[in-house]
Every structure is written in structure tokens, then in C-alpha cells.
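Student: Mind looking over this structure? Questions follow.
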Amino acid sequence: MKVLLSIKPEFVKKIISGEKLYEYRKSIFKKDVDAVVIYSTKPVGMLIGEFSIKQILNTSPEELWNITNENSGISKAFFMDYFKDRENAYALEISEFIEYKKGINPKEIDKNFIAPQSFKYVDDNWLNYQN
């Protein structure tokens, strides 16, 4: 199964460049998920690619930073602010990123599309789109 994640354009660029190899989350999926479809938030507003999840790390924010900081694509201050007052922090390790040849307007797939605040489960064939 896949999930759709909303990610800010500045972080999407770092995923594309390979600078950011971890996507951080405050909460994690209840279902078995093996891949992520990336929705680059406004002003881009497009589905730009997807990646396989190599592993999901779950530990304290401080320990997670120690494990992932070299490939985080963000500053320690930003990271710690994001996980402020949290006992657990999650990181999706990005593997096999595939950038779509051109961005996909999600309204072409679902005319009632609303970008998820956290994540949205999608079927593996949700896109049904040739890239």
C-alpha cells in the first residue's frame, strides 16, 4: 500500500537532489505501507514523484536526530522545533525515489482532491497514470 504525503516544495527539492534522505513525521501509519507518493504543496500543487520506504525509524527526537542528521536536509533547530514536546519521532528512510516526467495535477485523478494534513492511504494503482 502507498500513502500520499504533503511536503513543502523546499523539502521536495532536497529529496529530488538527494540531500534529504529522511522524511520526518510526528505520527505514523496504522496500515502496512511500503511507498510514498509526494504531493508538493502550494504554490507547486502537484504530485511530483514517489519513493519506497527502506525503513521507518521510531525513537526519541534526540536519538533520531543523532541517527539521521547527516542526511536530514534540515537544521537541528528546525528538527527540534518540529518535534517539540514529543516523546516519539518517526523518520521514513527514502529509497528508490522516482521523479515523474512531469508533475501530475491531483484533480485529474480526483476532482475533489484535498491535500492531506498528515497523510492519506492510496491504492497502489491510485495514479493509473503513465509517466
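The values are calculated or read from the model by the stated rules, or taken from the named source; none is laboratory data. The structure displayed is predicted, hence computed values, not measured ones. So basically every Cβ, Gly included, is an ideal-geometry build from the backbone, and we count neighbours across all protein chains shown.
Student: Do the conditions hold for I67, that is, is it farther than 18 Å from K2 by Cα, in contact with a Gly (Cβ under 8 Å, 6 or more places away or on another chain) and not small (G, A, S)?
Tutor: no
Student: Counting only residues that are of a type in the set (S, T, Y) and over 14 Å from E23 (Cβ atoms), how many does the range 63-101 have?
Tutor: Step one: of the range 63-101, the residues of a type in the set (S, T, Y) are 68, 72, 75, 82, 90, 95, 100.
Right, trim to over 14 Å from E23 (Cβ atoms) and you get 75, 100.
Selection size over the range 63-101: 2.
Student: Are any of the residues in the range 33-55 farther than 20 Å from L127 by Cα and of a type in the set (V, I, T)?
Tutor: No, the range 33-55 contains no residue that is farther than 20 Å from L127 by Cα and of a type in the set (V, I, T).
Student: Okay, next question. What are the pairs, 6+ residues apart or on separate chains, where a residue within the range 94-120 that is without any contact (Cβ under 8 Å) to a residue 60 or more places away in the chain has its Cβ under 6 Å from a residue that is charged (D, E, K, R) and outside any strand (DSSP E or B)?
Tutor: F113/K107
Student: Give the residue that is modelled with the lowest pLDDT, with candidates limited to residues of the range 8-44 that are buried (at least 16 other Cβ atoms within 10 Å of the Cβ) and small (G, A, S).
Tutor: Ranking the candidates gives A35 first.
Student: Among the residues of the range 21-38, how many are more than 18 Å from Y100 (Cα to Cα) and in contact with a Lys or Arg (Cβ under 7 Å, 6 or more places away or on another chain)?
Tutor: Looking only at that region, the number is 2.
Residue by residue, here is whether (1) within 24 Å of S60 (Cβ to Cβ); (2) among the hydrophobic types (A, V, I, L, M, F, W, C) holds:
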position: Y90; (1), (2): yes, no
position: I98; (1), (2): no, yes
position: N105; (1), (2): no, no
position: D110; (1), (2): no, no
position: P116; (1), (2): no, no
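Student: Identify the single condition in (1) in contact with a helix residue (DSSP H, G or I) (Cβ under 9 Å, 6 or more places away or on another chain); (2) over 18 Å from K31 (Cβ atoms); (3) not small (G, A, S) that I98 does not satisfy, given that it satisfies every other one.
Tutor: Result: I98 passes all but (1).
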